[in-house]
Amino acid sequence: MQKGVLWKDMRNMENSYNNLDYEFKKLYALWLREFKVFLREKSRLVAAIFTPLLWLFVFGGGLGSTISKLNNLNISYQEFIFPGIVCMSVIFTSVFFGSYIIWDKKFDFLKSVMVSPVSRSTIFIGKTLGGMTTSIIQALILLLIGLFLGIHYTPLSIITIISIILLLSFALTSLGLIIGSFMESLEGFQLIISFVVFPLYFLSGALFSLKNIPSWLSILTIADPATYAVEALRESMLGIQGRHSFVFDIGFLTIFTIALGIIGIFSFRRMRAI
């Protein structure tokens, strides 16, 4: 009797393992498809890197030339905005990734995936990981450029920085996919996104210090989730603490990421396959 029960338990464990392995294979296939699309469109990488560099060297260099030292921090203005520029790259790339869900609808790729034996949760997570890969590659290139600006990294700070980028990228890629799941036209998506990415970026404190700002602006920056990513990155890269503690910033980003992930899964479940 005990041998029969033990054998049944072992069979159940084996079936669970096989099902989990099968889900990971489907997740990998969805991620791989998005990654291959990215490799074939090298112009995306060039365009996404060009804009942050423009802000960093033209805007940062021009405005930085009028500022000798920033609040007695003994760093240049370009160094100060560098964490914000990294966030900008993640924000724009991640949110705009949602447009690809509209292209998939137009070319019926999404329809074929939706009617396949793949759960909507797996589809959402697979596409989100694909969008994250693009953001992370671009962010890593910017981190290398930071070495020429005098940004010093340690093994611990690199792990921390990448973790923050992963959280922000997953959250904002989810946001882009959520918006894209409700849209039918690329033009409408771009119009809506313009009202999302620019407030996220400009209210995050990426380009200015959040100290001594007007109270109405302070309220808006607190409501901006990108603010906490910029603060956490700035503390990791430059050792400058923001208005909140590092633990609070990471905690807020984690909760925000989980919330958008859950909303994204529900939005994909309600999305029609046809």
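How much net charge surrounds residue 243 when only other residues with a Cβ under 14 Å from its Cβ are counted (Lys, Arg +1; Asp, Glu -1)?
Values: positive: 211, 234; negative: 224, 231, 235, 249.
Result for the neighbourhood of residue 243: -2.
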³J(HN,Hα), Karplus 6.51/-1.76/1.60, whole Hz, each residue of the range 80-95, x for Gly, Pro: 5, 8, 4, x, x, 5, 4, 5, 4, 4, 5, 4, 5, 5, 5, 5
When the charge dipole of the range 89-190 is computed with +1 on Lys and Arg Cβ and -1 on Asp and Glu Cβ about the Cα centre, the Cα farthest towards its positive end, among 90, 149, 114, belongs to 114
Angle in degrees between helix 246-270 and the longest Cα principal axis of the chain, rounded to the nearest 10: 40
Once normalised by the length of the range 34-270, the mean sequence separation of its alpha carbon contacts under 8 Å that are 6 or more apart gives a contact order in percent of 27
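I need the calculated FRET efficiency for the pair residue 158 and residue 28, taking r as the beta carbon distance and R₀ as 35 Å, to the nearest 0.05. Present the calculation step by step, with values, prior to reporting the outcome.
Working: r = 26 Å, r/R0 = 0.73.
About 0.85, to the nearest 0.05.
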Of all chymotrypsin sites (Phe, Trp or Tyr not before Pro) in the range 97-132, which ones are in loop regions per DSSP and have a Cβ with at most 10 other Cβ atoms within 10 Å? 107
Output ³J(HN,Hα) for the range 200-206: one whole-Hz value per residue in order, computed from phi by the Karplus curve 6.51 cos²θ - 1.76 cosθ + 1.60 with θ = phi - 60°, and x for Gly and Pro. 4, 6, 6, 8, 7, x, 5
Listed candidates [x] -0.38, -0.47, -0.99; [y] -0.44, -0.55, -1.06; [z] -0.35, -0.44, -1.08 - label of the one calculated as log10 I(q)/I(0) by the Debye sum over Cα atoms at q = 0.08, 0.09, 0.14 Å⁻¹: [x]
If I fit a long axis through the Cα atoms of helix 2-40 and take the longest principal axis of the Cα atoms of the chain, what angle between them do I get, 0 to 90°, rounded to 10? 50
Can you tell me the orientation of helix 120-148 relative to the chain, as the angle in degrees between its alpha-carbon axis and the longest Cα principal axis, to the nearest 10? 30
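What does the net charge come to around residue 218 if you take all other residues with beta carbon closer than 15 Å to its beta carbon, with K and R at +1 and D and E at -1? Let's see the in-between values first.
Numbers: positive: 211, 243; negative: 224, 231.
Once positives and negatives cancel, what remains is 0.
Grab the DSSP H runs of the chain that are 4 residues or longer, score each as -39,500 (n - 2.57), total them, divide by all residues and round the 222 nm result to the nearest 500 deg cm²/dmol. Please list the in-between numbers first.
Details: 12 runs with 212 residues, N = 274.
So the helix-based figure for the chain works out to -26000 deg cm²/dmol.
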Taking the Cβ of residue 83 as the centre, find all other residues whose Cβ is under 10 Å away and add up their charges (Lys, Arg: +1; Asp, Glu: -1). -2
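Every number in this text was worked out from the coordinates using simple rules, so none of it is lab data. Only a predicted model underlies this, so the values are computations on that prediction, with no experimental measurement involved. Methodologically, a virtual Cβ is constructed for each residue, glycine included, from the backbone with ideal geometry; neighbour enumeration extends over all protein chains shown.
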